[in-house]
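The values are calculated or read from the model by the stated rules, or taken from the named source; none is laboratory data. As the structure is a computational prediction, the values presented were derived from the model and not from experiment. Glycine also receives a Cβ, built like all others from the backbone with ideal geometry; neighbour counts cover every protein chain displayed.
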Protein chains: 2
Amino acid sequence: MASRSRLSRRNFLVTSGAGAAALCVSGNAGGYTSAEMRARAADDKLTGVSKWELDTPALCVDLDKLSQNIATMRTRLGDMKVASRPHAKTHKCPTIAKLQLAGGSIGICTAKLSEAEVFAANSIGPILMTTSNVTPNKIRRAMALRKSNPQFVQAVDYAQNARDLNDAAKAAGIVADVVVDVAIGTRSGVPAGDQAVAIAQLVDTLPNLKLRGIISYDGGAQHIKGFRKRAEESLKRYEPSLRTFEAMKRSGLNTEIFSGGGTGTYNIMTKIPGFTDLQVGSYIFMDCQYLEIGGEENEDLYTDFAPSLTVMTTVLNNYFPNRLTTDAGQKALTLNQPGPIVIGEKGFRYSAGSDEFGTIQYDTSSKAYTVGDKLELIVPHCDPAVNEYDQIYGTRKDRVEVVWPVSARGHSQ
Amino acid sequence: MASRSRLSRRNFLVTSGAGAAALCVSGNAGGYTSAEMRARAADDKLTGVSKWELDTPALCVDLDKLSQNIATMRTRLGDMKVASRPHAKTHKCPTIAKLQLAGGSIGICTAKLSEAEVFAANSIGPILMTTSNVTPNKIRRAMALRKSNPQFVQAVDYAQNARDLNDAAKAAGIVADVVVDVAIGTRSGVPAGDQAVAIAQLVDTLPNLKLRGIISYDGGAQHIKGFRKRAEESLKRYEPSLRTFEAMKRSGLNTEIFSGGGTGTYNIMTKIPGFTDLQVGSYIFMDCQYLEIGGEENEDLYTDFAPSLTVMTTVLNNYFPNRLTTDAGQKALTLNQPGPIVIGEKGFRYSAGSDEFGTIQYDTSSKAYTVGDKLELIVPHCDPAVNEYDQIYGTRKDRVEVVWPVSARGHSQ
């Protein structure tokens with residue numbers, strides 16, 4: 001595919017999907033349940049099971065595309081002297097975290113303490129928790145985690161919180177590593193500038209805390225459509241964070257970590273002087289939201305990373321003209337927009353608006369669908385979609401090779 | 001509260017919420033984790049734990065309101081000679097299903113086979129599965145379920161599917177109970193009229209199937225705003241299903257089950273001659289979506305059932321004027337609209353649009369919030385919100401009495 005041509009998003013997906021060659025199978029396919037597949041995996045008997053034979057809805061990841069995404073990130077960042085510290089809130093899967101670390105990432109991020117605990121329990125060392133712990137119980141647990149895992153770093157964004165963390169670290173008999181979370185927008189973190197520097201200085205004076213630097217993530221910038229606009233706006237929005245980082249550095253504070261950015265800005269943040277690492281999440285899977293933001297080489301479609309994550313679904317109803325009903329609704333795909341893409345059917349408009357059912361409207365289709373046929377979908381937004389599943393099927397050339405538990409699923413605390 | 005007065009939705013919620021008296025607690029509260037609460041429950045040591053001490057986000061149900069909703073449904077339907085067969089896809093919790101059965105319901109419904117298997121494994125007998133099983137594996141499992149549980153009834157909406165079910169029932173050595181699913185709208189079921197009657201007749205001739213009647217659910221009618229408009233439209237939309245039921249009856253077919261309706265139409269469907277039972281789901285919990293549809297006595301607010309389900313959340317950030325950030329975003333509340341209601345704060349506009357964070361905007365608040373304060377939320381839409389949690393805390397006067405596993409959570413297959 002010529003990367004500079006302006007192919008439409010839908011055309012790209014018809015030709016790129018793994019499902020293009022094997023769009024659907026008849027209703028006579030097996031339909032292995034989650035439990036059956038776990039049992040087969042335990043007995044090393046997955047060989048030969050096709051993703052088209054899975055009971056549905058089923059969450060799948062194409063292992064070749066997953067590896068390709070890890071390799072792409074390593075290669076591109078290698079040139080730019082910035083590391084990746086992928087956000088594990090996206091996949092919630094320790095096995096994938098290990099692949100990322102083996103593929104050159106310097107650590108992982110987690111959004112919640114209960115997630116960090118799962119990854120640490122699965123032998124992941126370098127964990128940066130990007131949300132502050134503000135209740136006494138969470139602070140106590142965070143210090144226990146730090147005590148058993150010297151590579152655990154946590155965020156702080158209030159002076160009182162820094163003092164609370166210091167007290168808890170002292171009680172635990174440790175010196176805990178922290179980064180100051182500097183806000184972009186109004187969601188989390190301390191406002192950039194003097195207030196942020198003051199917290200860094202306070203941390204520096206507290207005997208049981210060790211300042212490691214700052215994190216600053218711009219959630220609003222990731223999905224700005226069009227690469228040039230996204231680059232311009234995200235760099236402008238990042239300026240106060242950069243000035244804060246430089247002020248900390250001038251004050252002699254430790255700034256060894258200067259972390260932020262995401263899948264939408266991974267090749268933009270690298271232009272920021274002193275920036276150390278990217279909290280990229282979705283690059284590993286991709287989704288409909290990221291596909292449409294456009295990339296540096298193709299303003300219409302973001303092709304830097306391959307859509308590796310899909311949901312298999314079954315057609316339940318074809319009675320009504322130009323409509324199909326499937327078994328994958330909100331509980332399988334979430335309500336995020338744009339809605340799911342049906343691989344291989346550019347005319348299908350899929351709505352996951354019902355709790356239990358997907359509804360498709362179309363004017364043209366590549367074939368006449370019958371009840372029991374299966375379809376493969378790209379999910380609207382990968383993070384919350386993965387959080388609906390207990391396991392993810394790793395496939396290669398459509399065959400299931402591994403069944404990975406989504407161990408931190410539901411760990412929203 | 002004068003039931004006929006036009007109180008605004010927000011005013012009602014300020015005065016009715018359990019949280020009105022105990023709006024929030026300081027950041028020094030305990031923060032018991034899910035695992036700690038399960039351990040306390042196993043040791044019978046829940047006494048005294050307040051819902052305000054739970055680690056957040058936490059899903060809670062007020063046990064008094066839950067009981068009240070069950071009693072209300074029984075009382076109101078008792079007058080109307082129609083039974084309730086609650087949809088367990090709402091709560092996914094066997095303990096709640098048992099309370100419903102003890103409270104007069106004649107059975108439960110499930111949307112998915114894997115849900116039905118969970119409830120059957122938890123000793124629930126009368127289960128009506130409202131979605132057809134269309135793949136060979138699901139059909140085989142459905143027959144196994146029917147073999148071990150004579151009260152399992154499943155839907156059918158295609159002639160070929162009826163024949164497939166019959167073959168599988170024969171192979172399992174049973175006669176399986178089925179109901180014909182008659183479509184309203186274009187989502188699931190066979191179109192009303194001749195096609196539906198023909199399937200019923202086919203089922204009646206198949207030796208290993210037993211026709212039990214019809215189901216016909218109008219998903220689009222439940223949330224029509226205003227009771228009179230909802231009644232008028234839903235009865236009109238139900239006419240083809242009623243005519244189908246009557247044609248089946250005239251043909252001498254078994255019509256002992258004529259099931260449908262939901263929380264929004266529970267006191268409307270009862271006007272349909274021959275109608276036997278209601279597939280009510282949300283009445284047990286209520287949510288923001290149902291609160292605003294209005295009831296027979298109050299056109300603005302649906303007060304027939306009490307909002308028993310809430311999510312506890314913690315304030316993480318208050319730096320920005322007229323804004324707060326909490327720890328409950330999409331993964332804790334879903335993206336359904338209208339957004340969550342903050343109990344006790346009528347001026348708060350809560351968005352769960354971020355994966356991990358809730359963001360509140362307000363002009364006025366009842367107090368100055370600080371980091372670590374807790375808030376209690378009514379969820380936008382109960383079914384998919386419950387599906388985000390592994391356990392639900394049953395509380396009475398704000399104290400946790402029970403921890404119930406959401407055993408069928410994630411069973412979307």
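Summed over the stretch B:58-76, the residues that are more than 16 Å from the chain's Cα centre (by Cα) and crowded, with 24+ Cβ neighbours inside 10 Å give a count of 1.
Taken over the stretch A:101-118, residues that are of a type outside the set (A, V, I, L, M, F, W, C), part of a loop (DSSP other than H, G, I, E, B) and crowded, with 19+ Cβ neighbours inside 10 Å amount to 3. Quick one: would you say A:Thr270 is of a type in the set (Ser, Thr, Tyr) and crowded, with 20+ Cβ neighbours inside 10 Å? Criteria not met by A:Thr270.
Criterion applied to B:Glu345, B:Glu388, B:Glu401 was being crowded, with 24+ Cβ neighbours inside 10 Å and under 26 Å from B:Ala42 (Cα atoms), and the one residue passing it is B:Glu388.
Conditions (1) more than 19 Å from the chain's Cα centre (by Cα); (2) aromatic (Phe, Trp, Tyr); (3) more than 20 Å from A:Cys109 (Cα to Cα), marked per residue:
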{"position": "A:Met248", "(1), (2), (3)": "yes, no, yes"}
{"position": "A:Thr255", "(1), (2), (3)": "yes, no, no"}
{"position": "A:Phe258", "(1), (2), (3)": "yes, yes, no"}
{"position": "A:Thr263", "(1), (2), (3)": "no, no, no"}
{"position": "A:Ile268", "(1), (2), (3)": "no, no, no"}
{"position": "A:Ile272", "(1), (2), (3)": "yes, no, yes"}
{"position": "A:Leu278", "(1), (2), (3)": "no, no, no"}
{"position": "A:Phe285", "(1), (2), (3)": "no, yes, no"}
{"position": "A:Cys288", "(1), (2), (3)": "no, no, yes"}
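With the condition kept exactly as written, say whether any residue in the stretch A:201-218 is assigned to a loop (DSSP other than H, G, I, E, B), in contact (Cβ under 8 Å) with a residue 60 or more places away in the chain, more than 10 Å from chain B (Cβ to nearest Cβ) and touching a strand residue (DSSP E or B) at 6+ places or on another chain (Cβ under 8 Å). Among the residues of the stretch A:201-218, at least one is assigned to a loop (DSSP other than H, G, I, E, B), in contact (Cβ under 8 Å) with a residue 60 or more places away in the chain, more than 10 Å from chain B (Cβ to nearest Cβ) and touching a strand residue (DSSP E or B) at 6+ places or on another chain (Cβ under 8 Å), which makes the answer yes. A search for C-beta distances below 6 Å between a residue of the stretch B:310-321 that is at pLDDT 95 or above and any residue that is of a type in the set (Ser, Thr, Tyr) and not in a loop (DSSP other than H, G, I, E, B), counting only pairs 6+ apart in sequence or on different chains, returns B:Thr313/B:Thr326; B:Val315/B:Thr326; B:Leu316/B:Thr325; B:Asn317/B:Thr325. Considering the conditions (1) closer than 23 Å to B:Lys92 by Cβ; (2) in a loop (DSSP other than H, G, I, E, B); (3) of a type in the set (Gly, Ala, Ser), B:Gly295 is excluded by exactly one of them, (1). Could you check, for the stretch A:297-319, whether at least one of its residues is away from chain B (no Cβ under 14 Å), of a type outside the set (Lys, Arg) and surrounded by fewer than 18 Cβ atoms within 10 Å (Cβ to Cβ)? Yes, some residue in the stretch A:297-319 is away from chain B (no Cβ under 14 Å), of a type outside the set (Lys, Arg) and surrounded by fewer than 18 Cβ atoms within 10 Å (Cβ to Cβ). Do we find a residue being buried (at least 21 other Cβ atoms within 10 Å of the Cβ), at pLDDT 80 or above, within 14 Å of chain B (Cβ to nearest Cβ) and not in a loop (DSSP other than H, G, I, E, B) anywhere in the stretch A:77-93? Looking for residues that are buried (at least 21 other Cβ atoms within 10 Å of the Cβ), at pLDDT 80 or above, within 14 Å of chain B (Cβ to nearest Cβ) and not in a loop (DSSP other than H, G, I, E, B), one finds at least one in the stretch A:77-93, hence yes. Screening the candidates B:Asp300, B:Asp287 for the property of being touching a residue at least 60 places away in the same chain (Cβ under 8 Å) and touching a Cys at 6+ places or on another chain (Cβ under 6 Å) yields one hit, B:Asp287.
Only one of the listed residues (A:Val134, A:Val175) is surrounded by 15 or more Cβ atoms within 10 Å (Cβ to Cβ) and within 25 Å of the chain's Cα centre (by Cα). That residue is A:Val134.
Looking at this structure, is B:Pro338 of a type outside the set (Phe, Trp, Tyr), within 10 Å of chain A (Cβ to nearest Cβ), more than 27 Å from A:Gly281 (Cα to Cα) and out of contact with any strand residue (DSSP E or B) (no Cβ under 6 Å at 6 or more places or on another chain)?
No, not satisfied.
Residue selection: A:Gln330 satisfies the criterion of being surrounded by 24 or more Cβ atoms within 10 Å (Cβ to Cβ), modelled with pLDDT of 95 or more, within 10 Å of chain B (Cβ to nearest Cβ) and within 21 Å of B:Ser412 (Cβ to Cβ). Residue count for the stretch A:205-236, restricted to those that are more than 30 Å from A:Ala176 (Cβ to Cβ) and either of a type in the set (D, E, K, R) or in contact with a Cys (Cβ under 8 Å, 6 or more places away or on another chain) (or both): 7.
The test for being among the aliphatic types (A, V, I, L, M) and buried (at least 24 other Cβ atoms within 10 Å of the Cβ) holds for B:Ala196. The condition (being under 17 Å from B:Val197 (Cβ atoms), in contact (Cβ under 8 Å) with a residue 24 or more places away in the chain and acidic (Asp, Glu)) is satisfied by just one residue among B:Glu239, B:Glu256: B:Glu256.
Would you confirm, using the coordinates I've provided, whether B:Ser114 is hydroxyl-bearing (Ser, Thr, Tyr) and closer than 20 Å to A:Leu54 by Cα?
Working: hydroxyl-bearing (Ser, Thr, Tyr): yes; closer than 20 Å to A:Leu54 by Cα: yes.
Spelling it out, B:Ser114 is indeed hydroxyl-bearing (Ser, Thr, Tyr) and closer than 20 Å to A:Leu54 by Cα.
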